[in-house]
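See below for the structure under consideration.
The values are calculated or read from the model by the stated rules, or taken from the named source; none is laboratory data. The structure displayed is predicted, hence computed values, not measured ones. Cβ atoms come from the backbone with ideal geometry, glycine included; neighbour counts cover every protein chain shown.
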Ligand code: MN
């Protein structure tokens, strides 16, 4: 008799803060895949990238979960802090999967390097724990139910051991109903050609600056993340902490199609996503 496998441990975090609707939509979708622990920032920490708090102590407060049975912690820190605390102290047992999301707003192209959502997943990746960062490509009227189904299907694939442990997938989900989404596409990062806009003012004592996000100007080349979203496809971008590394794409391809088959069990397999587009 093979030894009974232990229940997998999932760690969930985000960068929009513990009260973000997307976090809880994902928690509900993942809860029966294993023992979920949530460790998330106590406030919005978007665009903090991989910032780690080294110069003052961090406090974690256990809070009441919106989903019964999930141990939930709010941390006075960044997403990276949250995952470091979770893996080092707060989560019980070895963590099998780190999931960050569902983020409000896409994390595509260059923005991936600024993203707190991706940074949370990166901390798992640094420790050879499979990791998913999942973002909805809208900030208003967000279709969390679509991202939750996508996240659940991908998490199942990863927990089934269908990817190497050092995989990090950056997933962007079109803000549409599941019915309207056309499938999964393994992608590479687009480049975004804009310069952040500076607004200046004076508060009567000193000059101040606001950094504003400029209007994005994407390259939109075929096979990029933004291209997939424009074509109503879930974008799955394999990332590596080794920024000079190129392709994990073939590894992610099978898993993406399997996840798509789970999300749309009755859909014609030809409509589960496009084939890999070579860069
Ligand atoms: Mn965010």
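The rows are residues; the columns are (1) outside any loop (DSSP other than H, G, I, E, B); (2) within 16 Å of the ligand (Cβ to nearest atom); (3) over 22 Å from residue 130 (Cα atoms).
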{"residue": "19", "(1), (2), (3)": "no, yes, yes"}
{"residue": "25", "(1), (2), (3)": "yes, yes, no"}
{"residue": "32", "(1), (2), (3)": "yes, no, no"}
{"residue": "68", "(1), (2), (3)": "no, no, yes"}
{"residue": "82", "(1), (2), (3)": "yes, yes, no"}
{"residue": "89", "(1), (2), (3)": "yes, no, no"}
Lone unmet requirement of (1) more than 14 Å from the chain's Cα centre (by Cα); (2) in a loop (DSSP other than H, G, I, E, B); (3) away from the ligand (no atom under 12 Å from the Cβ); (4) surrounded by 15 or more Cβ atoms within 10 Å (Cβ to Cβ) for residue 5: (4)
Members of the range 164-174 that are surrounded by fewer than 21 Cβ atoms within 10 Å (Cβ to Cβ) and either touching a helix residue (DSSP H, G or I) at 6+ places or on another chain (Cβ under 9 Å) or closer than 17 Å to residue 230 by Cβ (or both): 164, 166
Criterion violated by residue 142 - all others in (1) within 13 Å of the ligand (Cβ to nearest atom); (2) over 14 Å from residue 237 (Cα atoms); (3) part of a helix (DSSP H, G or I) satisfied: (3)
Scan of the range 182-201 for residues that are in contact with a strand residue (DSSP E or B) (Cβ under 7 Å, 6 or more places away or on another chain) and either loosely packed, with under 15 Cβ neighbours inside 10 Å or part of a loop (DSSP other than H, G, I, E, B) (or both), ordered by number: 182, 187, 189, 190, 196, 197, 198, 199, 200, 201
Scope the range 113-129; condition more than 12 Å from residue 241 (Cα to Cα), surrounded by fewer than 24 Cβ atoms within 10 Å (Cβ to Cβ) and either free of Cβ contacts under 8 Å to residues at least 60 places away in the same chain or touching a strand residue (DSSP E or B) at 6+ places or on another chain (Cβ under 9 Å) (or both); matching residues: 129
Residue within the range 34-51 that is within 14 Å of the ligand (Cβ to nearest atom), at pLDDT 95 or above, part of a strand (DSSP E or B) and crowded, with 19+ Cβ neighbours inside 10 Å present: yes
Residue 171 more than 20 Å from residue 220 (Cβ to Cβ), within 16 Å of the ligand (Cβ to nearest atom) and not in a helix (DSSP H, G or I): no
Checking residue 107 against (1) in a loop (DSSP other than H, G, I, E, B); (2) in contact with a helix residue (DSSP H, G or I) (Cβ under 6 Å, 6 or more places away or on another chain); (3) away from the ligand (no atom under 15 Å from the Cβ); (4) under 23 Å from residue 163 (Cα atoms), the condition it does not meet: (3)
